[in-house]
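The structure under discussion appears below in the form of structure tokens.
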Amino acid sequence: MLDVIIVGSGPAGLMTGITLAENDISVVILERMSRPNENKLCAGYIPISSFRKYGLPLNLYKHLVEGFRFHDSSGKNILVEFDNVVGGNVDRTEFAEFLAKRFRKNGGWIRTEEYVFDFDERNSYVTVKTSKETYKGKFLVLACGIASNLPGKIRGRLFRNMVGLCLQTSIPSNHINIDFKKENWIFYGEKYSPFGYGWIFPKENIVEIGLGSLLSEVKNGLDSYLSNLLNIVGVEKKYSRRYFPVPLSGPIEKIYSRRVFLAGDAAGHVSPITGEGIKYSLNAGVDLGISISLYFKKKISLHDIGKKYLKLLRKNVFPDLKWGRIFLKLVQKKLISSSKTFVDKKKLRAVAELYASNITHLNAGLKFLKTFFL
Ligand SMILES: Cc1cc2nc3c(=O)[nH]c(=O)nc-3n(C[C@H](O)[C@H](O)[C@H](O)COP(=O)(O)OP(=O)(O)OC[C@H]3O[C@@H](n4cnc5c(N)ncnc54)[C@H](O)[C@@H]3O)c2cc1C
């Protein structure tokens, strides 16, 4: 019997796995795709603070970011610059391959092309049924993202006002005649999203163009908004585009049972105001890995693993999620508006610092609340 079975090789699953493997716990990751986290729809922006925290090499960045260029529906744009690199955009599969290498080096084991379709929690173990076989483990970690129905068995369902819907397309860089410099472009206003924002995030050979909106605010699909973004870069040809959900629930506490734990998107670990989830998935993975390891080291009881995990999340992940959710609700009630962000550069700095991860959501909120009230 394995100690821990993890479903999903995104940042949450891999970081949980690395932390467990570093603690000599036998762990397997089951992934439905043929490579770790392959084909994950994502713009790939990660702040440099996460790279430093986890010792990630800067060459994983496909585009360095020293500033954010904010655009509004009228065509105006303002650049907020920083003195140094504050983050960058990664290729998600390459990013996962890097973490997977670290996981394997520590003794972890990844089985790709294994689709997990169900699990069964017993008193002293968990069984996991995949497209190939049935596994037995002492613990199960569901890090299979938001599109899987497995986490719902523990967490319950997420309602339409707790989920975002994104639409994104990847355009070859040589089809866009724009020098993006060390910038990521962000688009606010009704032209670019019914309730959310649009983005143009360049990478080495492609440019990610997409938008997100709270699902409950989407009335007629998101295609016309994406077309408006494509017009900005002068792209007329139809490239394939994909929809994908993202949780915007804020902190969820019902993310574990006795032997089953949720992390990352599966547990709602995404900022409800920026839609960023990678840095929170990395943090949550470590928090969960530490919590389960403490049990194997006989430092905490079975009963206390979930409590320990929640305690760490409340410190490392939940504050941003909680404040992000509060700000999302204020925007929904039209108490905060992005329309006044373009009055002057100072007002955008707080938002840029949020993306740069230089300040917490609470502090960014306090800064822009002063100026954003209608
Ligand atoms: C369009 C878009 C743009 C985004 N841009 C950004 C961004 O720029 N920066 C940022 O920080 N966040 C961004 N996010 C959010 C970010 O992608 C997620 O928060 C992050 O990927 C969550 O990581 P995870 O490990 O929880 O799950 P995922 O990365 O979703 O990984 C889950 C893994 O589980 C596997 N899996 C699922 N079901 C099964 C199953 N039944 N059996 C086996 N394997 C399974 C999947 O194949 C996948 O590899 C974006 C999201 C979207 C949709």
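The values are calculated or read from the model by the stated rules, or taken from the named source; none is laboratory data. In this text, all values refer to a predicted model and were calculated from it rather than measured experimentally. Positions of Cβ are generated from backbone atoms using ideal geometry, with glycine treated the same way; all protein chains shown enter the neighbour counts.
Which count do you get for residues in the stretch 26-56 that are more than 11 Å from the ligand (Cβ to nearest atom) and either closer than 15 Å to Asp91 by Cβ or basic (Lys, Arg) (or both)?
4
Among the residues of the stretch 137-167, write down those that are within 14 Å of the ligand (Cβ to nearest atom) and part of a strand (DSSP E or B).
Passing the criteria: Leu140, Val141, Leu142, Val163, Gly164, Leu165, Cys166, Leu167.
Hey, among Gly107, Gly145, Gly137, which residue is closer than 22 Å to Met15 by Cα, touching a residue at least 40 places away in the same chain (Cβ under 8 Å) and loosely packed, with under 15 Cβ neighbours inside 10 Å?
Answer to the selection: Gly107.
For Gly212, work out the one condition from (1) out of contact with any Cys (no Cβ under 6 Å at 6 or more places or on another chain); (2) closer than 25 Å to Leu248 by Cα; (3) near the ligand (Cβ under 9 Å from one of its atoms) it doesn't fulfil.
With respect to (1) out of contact with any Cys (no Cβ under 6 Å at 6 or more places or on another chain); (2) closer than 25 Å to Leu248 by Cα; (3) near the ligand (Cβ under 9 Å from one of its atoms), Gly212 is out only on (1).
Condition check ((1) touching a strand residue (DSSP E or B) at 6+ places or on another chain (Cβ under 9 Å); (2) not assigned by TED's automatic domain parsing to the domain that holds Gly75) across all residues:
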site	(1), (2)
Phe244	yes, no
Ser257	yes, yes
Tyr280	no, yes
Ser293	no, yes
Lys297	no, yes
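Is at least one residue of the stretch 7-25 within 24 Å of Leu167 (Cβ to Cβ), near the ligand (Cβ under 9 Å from one of its atoms) and touching a His at 6+ places or on another chain (Cβ under 9 Å)?
The answer is yes, given that some residue of the stretch 7-25 is within 24 Å of Leu167 (Cβ to Cβ), near the ligand (Cβ under 9 Å from one of its atoms) and touching a His at 6+ places or on another chain (Cβ under 9 Å).
Which condition number in (1) within 25 Å of Thr274 (Cβ to Cβ); (2) modelled with pLDDT under 95; (3) away from the ligand (no atom under 15 Å from the Cβ) is the one that Glu81 fails?
(2)
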